[in-house]
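Participant: One structure coming up, written as structure tokens, with questions to follow.
Please treat every number below as a calculation from the coordinates, not as lab data. Just so we're clear, the structure is a prediction, and the values are computed from it rather than from any experiment. All Cβ positions, glycine included, derive from the backbone under ideal geometry; neighbour counts span all protein chains shown.
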Amino acid sequence: MTHTGRLHLATQGHTQVLDITDGVARVVAESGVRNGVAVVFVIGSTAGITTTEAEPGLLNHDLKAFFERIAPAGADYAHEATWHDDNGHAHVRAAAVGPSLTVPVVAGRLTLGTWQQIVLLDFDTRPRRREVVVQVVGD
């Protein structure tokens, strides 16, 4: 059995981190799948999906500081010279995180740790409408 659901989110960019666990869990519940996998995929090249503890220190400071160290917003990016825009760092950050995540579904529930949530990271330089595709496959 395969079930596909979509989450539509308004984001602010600038390394905003959004906890999307409840939305993904809702799609899993709607799917009726008892055992299988849920694939979570963000459409676009300036956002990523991962897991972390969704607590304010990590979401509002630590992750932003980390990405600013590895791909600074003010650095020179060939992408920006090519396209005459300002989001080269957003593409680099998104590529480092990746656009998708696979989570096992066991007994109809996502298999996540107590302090582990699924998050969307929006690295772009402006607000966006993001679409996350959640595909659940199993029995």
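Participant: Give me the pairs, please: first residue somewhere in the range 24-46 and without any contact (Cβ under 8 Å) to a residue 12 or more places away in the chain, second residue anywhere and surrounded by fewer than 17 Cβ atoms within 10 Å (Cβ to Cβ) and not in a loop (DSSP other than H, G, I, E, B), beta-carbon distance under 8 Å, and either six or more positions apart or on two chains.
Facilitator: none
Participant: Here is a further query. Of everything in the range 112-139, what is of a type in the set (Asp, Glu) and over 21 Å from residue 67 (Cβ atoms)? Give them in sequence order.
Facilitator: 131, 139
Participant: I'd like the residue in the range 95-139 that is free of Cβ contacts under 8 Å to residues at least 60 places away in the same chain and among the small types (Gly, Ala, Ser) and, out of all such residues, is nearest to residue 37 (Cα to Cα).
Facilitator: That would be 113.
Participant: Also, quick follow-up: Over 13 Å from residue 16 (Cα atoms) and loosely packed, with under 13 Cβ neighbours inside 10 Å: is that true of residue 65 in this structure?
Facilitator: Considered against the rule, which asks whether it is over 13 Å from residue 16 (Cα atoms) and loosely packed, with under 13 Cβ neighbours inside 10 Å, residue 65 comes out as no.
Participant: Going by the structure shown, is residue 132 crowded, with 20+ Cβ neighbours inside 10 Å and β-branched (Val, Ile, Thr)?
Facilitator: yes
Okay, residues lined up against (1) in contact with a Lys or Arg (Cβ under 9 Å, 6 or more places away or on another chain); (2) free of Cβ contacts under 8 Å to residues at least 40 places away in the same chain:
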{"position": "51", "(1), (2)": "no, no"}
{"position": "54", "(1), (2)": "no, no"}
{"position": "63", "(1), (2)": "no, no"}
{"position": "67", "(1), (2)": "yes, no"}
{"position": "71", "(1), (2)": "yes, yes"}
{"position": "74", "(1), (2)": "no, yes"}
{"position": "79", "(1), (2)": "no, yes"}
{"position": "87", "(1), (2)": "yes, no"}
